[in-house]
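Data first, discussion second: the structure below is written as structure tokens.
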Amino acid sequence: MEDSSVGLFEFNSGRLCLDFTNTVRARPLSDRIEYINKYSHLVSWARQATIITPGEAAVLDEVAAGRPRPAG
């Protein structure tokens, strides 16, 4: 199940590597915000980036739920 605490990520750079980098907001430096703070956020980002399918995301979430320590 996709983490409902994560909103939609922005994919506007034209390159997934840059969009992934942009999941950290660091301007100004004192207000640094990381949007991928746990495994479920990463799965959500990958799903929204369409590099994994909804089925693959569900399997990854299920496996992570059964093994929370390694997923952490």
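Here, each number is a calculation from the coordinates, and none is a lab measurement. Being a predicted model, the structure only gives us computed values, none of them experimental. Cβ sites come from the backbone with ideal geometry, for glycine too, and all protein chains shown count toward neighbours.
Taking Cα atoms only, the orientation of helix 54-66 departs from the longest principal axis of the chain by about 70 degrees.
When only DSSP loop residues count, what GluC sites (Glu not before Pro) in the range 10-72 have their Cβ near at most 15 other Cβ atoms within 10 Å?
Glu10
The magnitude of the dipole of the chain, with charges of +1 and -1 set on the Cβ of Lys/Arg and Asp/Glu and taken from the Cα centre, is near 260 debye. Among the chymotrypsin sites (Phe, Trp or Tyr not before Pro) in the range 13-72, those placed in a DSSP loop whose Cβ has at most 16 other Cβ atoms within 10 Å are Tyr35.
Given 37 °C and 0.692 mPa s, how large is the Stokes-Einstein diffusion coefficient of the range 16-71 in µm²/s, with Rh as the Kirkwood radius over Cα pairs?
Using the Kirkwood radius from Cα pairs, D works out to 265 µm²/s.
Of the trypsin sites (Lys or Arg not before Pro) in the chain, the ones in a loop by DSSP (not H, G, I, E or B) with at most 10 other beta carbons within 10 Å are Arg15, Arg32.
May I ask for the angle, rounded to the nearest 10°, between helix 39-48 and the longest principal axis of the chain, with both axes built from Cα atoms and the value confined to 0 to 90°? Compared with the principal axis, the helix lies near 80 degrees.
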